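The values are calculated or read from the model by the stated rules, or taken from the named source; none is laboratory data. No experiment lies behind these values; they were computed from the predicted model shown. Every residue, glycine among them, receives a Cβ derived from its backbone with ideal geometry; neighbour counts consider all protein chains shown.
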Amino acid sequence: MISDVLWYWAFVHWHEKRQAAELRLRPLHLLLGGASGAAMVALPMAVLFAFGVYERVLFRGASPALLGVAAVIGIAATLEELTYRCLLFRILERTWGTKWALAVQAVIFALQHLENVATGGIVDAVTMLIAVTLTGLLWGAVFTLTRNLWVVAAHHAAWNFAILLSGLPLSGIEDWRTLAPLESRFAGPDWLTGGMFGPESSWLVIASTTVAVVLLLRAAWRRGDFIAPAA
């Protein structure tokens, strides 16, 4: 990861000939980004647990192996944000403006996750594409507001880690469920549980994410953070 960040810094410094302000570490903003990322997915999941859509089978407690998983999730989130928001989004934004750049990077981000539902049906794939396009818009909106890699990476990583801790599938990945403090199972219909992709494809999470995207983009628009297409 360090080499990727250094490569990005070199690209910005030598090719774009500017300071990489998006790489500045802002500890308070980073903490707020992480807390809001976890809360935004944990709250609708808590509702689904409360109504019995998800059921807790047992409580295992925290495992030391979770530290390694957290590191992997943090690195993966940082690399994705470096690629899709810091690089792809900004390059598109310079030519097409913020609106089109947000849409295009979100769709490309979603398409990259198709392999996670390769064994599912058309409904799984379509729902996943809607859900992940929205999270791509969500993290694009966070980046538009903050223009900071670490804040949006913290938001992304905390979102993913909150899902992992619940004992439910993370973006269709089952590998880490046995390490979660909770062992959980689905007890509701796929449109609420999210099916094979997990909570991110739940229509309750999709609805709450949509509201968050609208509010964040409205705030960015009102603050003048949108860039017009190049003439």
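Observations on the model:
- All positions within region 12-26 that are closer than 12 Å to L149 by Cα and either exposed (fewer than 12 other Cβ atoms within 10 Å of the Cβ) or touching a residue at least 60 places away in the same chain (Cβ under 8 Å) (or both): A21, E22, L23, R24, L25, R26
- Helices (runs of 4 or more DSSP H) (entirely within region 70-179) containing at least 3 residues that are farther than 25 Å from A35 by Cβ: 90-111, 122-146
- Region 116-137 - residue that is hydroxyl-bearing (S, T, Y) and modelled with pLDDT of 95 or more and, of those, farthest from the chain's Cα centre (by Cα): T127
- Output for region 192-231, where each listed residue is farther than 30 Å from L48 by Cα and touching a residue at least 60 places away in the same chain (Cβ under 8 Å): A220, R223, D225, F226, I227, A228, P229, A230
- Top-ranked residue of region 192-215 - restricted to ones that are in contact with a Gly (Cβ under 7 Å, 6 or more places away or on another chain) and outside any helix (DSSP H, G or I), ranked as nearest to I163 (Cα to Cα): G198
- Residue in region 30-45 that is part of a strand (DSSP E or B), in contact (Cβ under 8 Å) with a residue 40 or more places away in the chain and at negative phi present: no
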